[in-house]
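To start, the structure under review is shown below, and the notes come after it.
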Amino acid sequence: MIDAPFRADEAAAQRLAGLAATIGAQVEAALGEAVAASVAPAADPLAASTISAAEVARLVDRFGLASERELALLALPVAGAMADPPISGYRVAAVGIEAETGDLVLGGNLEFPGTELATTIHAEGFISLRVRRRGRTLETLAVREAHPCAHCRQTLAEADAADRLEIIDPLGHELTLAELYPWAFQPAALGVSGDRADALSWPGLAFASAPPPAEVAALLLEAGARAHAPYSRAPSAVALRLRDGRLVSAGCVESVAFNPSISAIQAALVEVAATRAARGEVTDGWLARTAGGAVDPAPGFRALLAAAAPSAAAHVVDWRLG
């Protein structure tokens with residue numbers, strides 16, 4: 001075992017351990033109720049598995065916590081319930097705090113048997129994708145140990161706000177991503193601006209073939225406009241319909257290092273997990289890809305959709321850049 005090179009705040013760790021021992025079960029129950037309300041069929045899918053800032057403030061006051069950070073750390077067991085690692089059995093939890101709202105966003109790692117290991121979504125990536133899909137900035141990331149893998153550090157480094165991101169854990173660490181990943185390889189290395197969730201990078205997308213149903217088409221265009229695809233210049237988006245009729249969608253998020261890029265189908269399956277729906281509840285999936293683009297996400301889309309939801313119908317449509 002290699003000792004951590006960063007000094008932890010032992011007093012903070014002891015306080016959190018005491019809170020977990022005395023009120024941890026009560027906090028988990030309260031958070032569980034809030035999450036259950038967020039994933040109700042009538043709820044907005046973008047709000048699924050989140051705790052609003054107003055509810056965060058209420059819970060911090062109710063349980064005598066020092067800050068929303070303590071609540072995020074105490075929420076890790078609730079987030080861990082979202083992990084779905086059927087291959088490794090290794091469950092990872094993460095909780096994000098959004099800069100603009102103060103909302104908490106919960107998530108865990110996802111693995112997909114029957115396809116490549118590269119389709120795995122790490123818990124840290126889950127949170128960064130969800131916060132991004134909500135059009136927000138990840139300010140703080142709570143994990144069980146502030147030691148994300150190199151893949152996650154590279155994924156997190158793609159964001160324009162990466163240098164301001166703080167990572168905290170119950171052991172008493174409060175570290176910036178820059179401390180964990182010094183001299184990071186970031187978009188500027190290829191002359192690209194960092195990813196911003198509110199950026200409309202592809203506002204002129206238009207379907208080059210017969211479009212999907214109107215409701216689906218609107219979601220694809222919205223997610224595609226916000227896709228982060230500065231390296232291939234071939235934005236793509238996926239919309240998935242659940243058995244109860246709800247639709248979720250997401251765009252691709254490319255990486256300056258290329259290999260850690262996250263496909264639109266991976267990002268859309270994160271949205272499915274956030275609603276707490278089983279993967280098998282996906283009945284239809286639509287991929288919108290750039291006609292004649294430098295990359296073709298269709299093979300990966302079909303393979304991952306078939307592995308995650310074998311009975312789902314796969315549809316591929318092309319669009320052009322405006």
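The values are calculated or read from the model by the stated rules, or taken from the named source; none is laboratory data. All of these numbers come straight from a predicted model, not from anything done at the bench. Cβ sites come from the backbone with ideal geometry, for glycine too, and all protein chains shown count toward neighbours.
Quick notes on this one:
- Just one of the numbered conditions (1) buried (at least 16 other Cβ atoms within 10 Å of the Cβ); (2) without any contact (Cβ under 8 Å) to a residue 40 or more places away in the chain; (3) not hydroxyl-bearing (Ser, Thr, Tyr) is not true of ARG62: (1).
- Being touching a residue at least 60 places away in the same chain (Cβ under 8 Å), outside the structural domain of ALA229 (by TED's automatic domain parsing), within 18 Å of ALA93 (Cα to Cα) and in a strand (DSSP E or B) holds for only one residue in LEU171, LEU175, and it is LEU175.
- Filter result for ARG196 (surrounded by fewer than 19 Cβ atoms within 10 Å (Cβ to Cβ), under 15 Å from the mean Cα position of the chain (by Cα) and touching a residue at least 24 places away in the same chain (Cβ under 8 Å)): yes
- Hits in segment 123-143 - residues which are surrounded by fewer than 22 Cβ atoms within 10 Å (Cβ to Cβ) and either assigned by TED's automatic domain parsing to the domain that holds ALA308 or without any contact (Cβ under 8 Å) to a residue 60 or more places away in the chain (or both): GLU139
- Filter pass, ALA159 being in contact with a Lys or Arg (Cβ under 8 Å, 6 or more places away or on another chain) and either basic (Lys, Arg) or assigned by TED's automatic domain parsing to the domain that holds ILE97 (or both): yes
- For segment 16-44, a residue qualifies if it is of a type outside the set (Gly, Ala, Ser) and touching a residue at least 40 places away in the same chain (Cβ under 8 Å), and the qualifying residues are LEU16, LEU19, ILE23, VAL27, GLU28, LEU31, VAL35, VAL39, PRO41.
- Within segment 262-289, the residues that satisfy the criterion of being touching a residue at least 24 places away in the same chain (Cβ under 8 Å), closer than 23 Å to ALA36 by Cβ, among the small types (Gly, Ala, Ser) and in contact with a helix residue (DSSP H, G or I) (Cβ under 9 Å, 6 or more places away or on another chain) are ALA268, ALA273, ALA274, GLY280.
- Some residue of segment 24-32 being of a type in the set (A, V, I, L, M, F, W, C), touching an Asp or Glu at 6+ places or on another chain (Cβ under 8 Å) and either at positive phi or not assigned by TED's automatic domain parsing to the domain that holds ARG243 (or both): no
- Residues in segment 3-31 that are under 30 Å from GLY135 (Cα atoms) and either among the charged types (D, E, K, R) or at pLDDT below 95 (or both): GLU28 alone.
- Hits in segment 163-178 (condition: in contact with a strand residue (DSSP E or B) (Cβ under 9 Å, 6 or more places away or on another chain) and not basic (Lys, Arg)): ASP163, LEU165, GLU166, ILE167, ILE168, ASP169, PRO170, HIS173, GLU174, LEU175, THR176, LEU177
- So LEU74, is it surrounded by 16 or more Cβ atoms within 10 Å (Cβ to Cβ), assigned by TED's automatic domain parsing to the domain that holds GLU98 and closer than 26 Å to LEU269 by Cα: yes
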